[in-house]
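The values are calculated or read from the model by the stated rules, or taken from the named source; none is laboratory data. As the structure is a computational prediction, the values presented were derived from the model and not from experiment. Positions of Cβ are generated from backbone atoms using ideal geometry, with glycine treated the same way; all protein chains shown enter the neighbour counts.
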């Protein structure tokens, strides 16, 4: 007769350790708490956009009917990633100028390497404005590496400080050089609150990559975007 070892029988009959269930439910409660906080934060943010739009006479749409990404997919910001979503849109049209300020989210990578990118974007569309396609962003280490492999930006020998701090590129270098006059370059040399700008035709985008503007800073962000636009569009 075979005798099953007592210590093995005890091991097989024992359930999960006593700390397992408290730990498991603790994780569940933590997850629920994170979700609740995130939902409340988004609700508060949406309300801030609504109040701002009401204050300035803008129109508010939590989930816009227009497909902004599809309409503007020639801009690099809207070419990146997947699962793209525009939300919390405030907009206004006055004197042939259309304003939109909105949150924009997209995903990159997959699995454990996936990332979600959120930013607030200011968009101004001005009738009869004809800008060459260009983008300007703070120059980074990766841009300098690109220079080594021939992906150079548009530099100005007479403005080394500007060329050092900004990465400027576009499809029509001659027109871009005309646009970036002495006054425009001086503005960027003195600008401390560096942001990304993309423009083409009658549209100008202003944003900080992967950064959503805090609700209390929305008004100042809009003023800064309007200031940037005025540099390229003298009324």
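Given the criteria part of a loop (DSSP other than H, G, I, E, B), at pLDDT 80 or above and touching a strand residue (DSSP E or B) at 6+ places or on another chain (Cβ under 9 Å), does residue 63 qualify?
In short, yes.
Which of the residues belonging to the range 182-203 are at pLDDT 90 or above, touching a helix residue (DSSP H, G or I) at 6+ places or on another chain (Cβ under 9 Å) and over 13 Å from residue 231 (Cα atoms)?
Matches in the range 182-203: 196, 198.
Tell me, which residue of the range 122-139 that is part of a strand (DSSP E or B) and in contact with a helix residue (DSSP H, G or I) (Cβ under 7 Å, 6 or more places away or on another chain) is modelled with the lowest pLDDT?
Among them, the one singled out is 138.
Can you tell me which residue in the range 140-177 is modelled with the lowest pLDDT, limited to those that are farther than 16 Å from residue 189 by Cβ, part of a helix (DSSP H, G or I) and in contact with a strand residue (DSSP E or B) (Cβ under 8 Å, 6 or more places away or on another chain)?
It comes out as 143.
Give the residues of the range 204-216 that are at pLDDT 90 or above and more than 21 Å from residue 68 (Cβ to Cβ), sorted by residue number.
Within the range 204-216, no residue meets the criteria.
Could you please give the count of residues in the range 162-182 that are touching a residue at least 24 places away in the same chain (Cβ under 8 Å) and loosely packed, with under 12 Cβ neighbours inside 10 Å?
2
Before we move on, is residue 11 at pLDDT 65 or above, out of contact with any strand residue (DSSP E or B) (no Cβ under 7 Å at 6 or more places or on another chain) and part of a helix (DSSP H, G or I)?
For residue 11, the condition - at pLDDT 65 or above, out of contact with any strand residue (DSSP E or B) (no Cβ under 7 Å at 6 or more places or on another chain) and part of a helix (DSSP H, G or I) - is not met.
Regarding residue 100, is this residue over 12 Å from the mean Cα position of the chain (by Cα) and modelled with pLDDT of 90 or more?
Answer is yes for this residue.
If we keep just the residues of the range 87-134 that are free of Cβ contacts under 8 Å to residues at least 24 places away in the same chain and closer than 22 Å to residue 46 by Cα, which is surrounded by the most Cβ atoms within 10 Å (Cβ to Cβ)?
105
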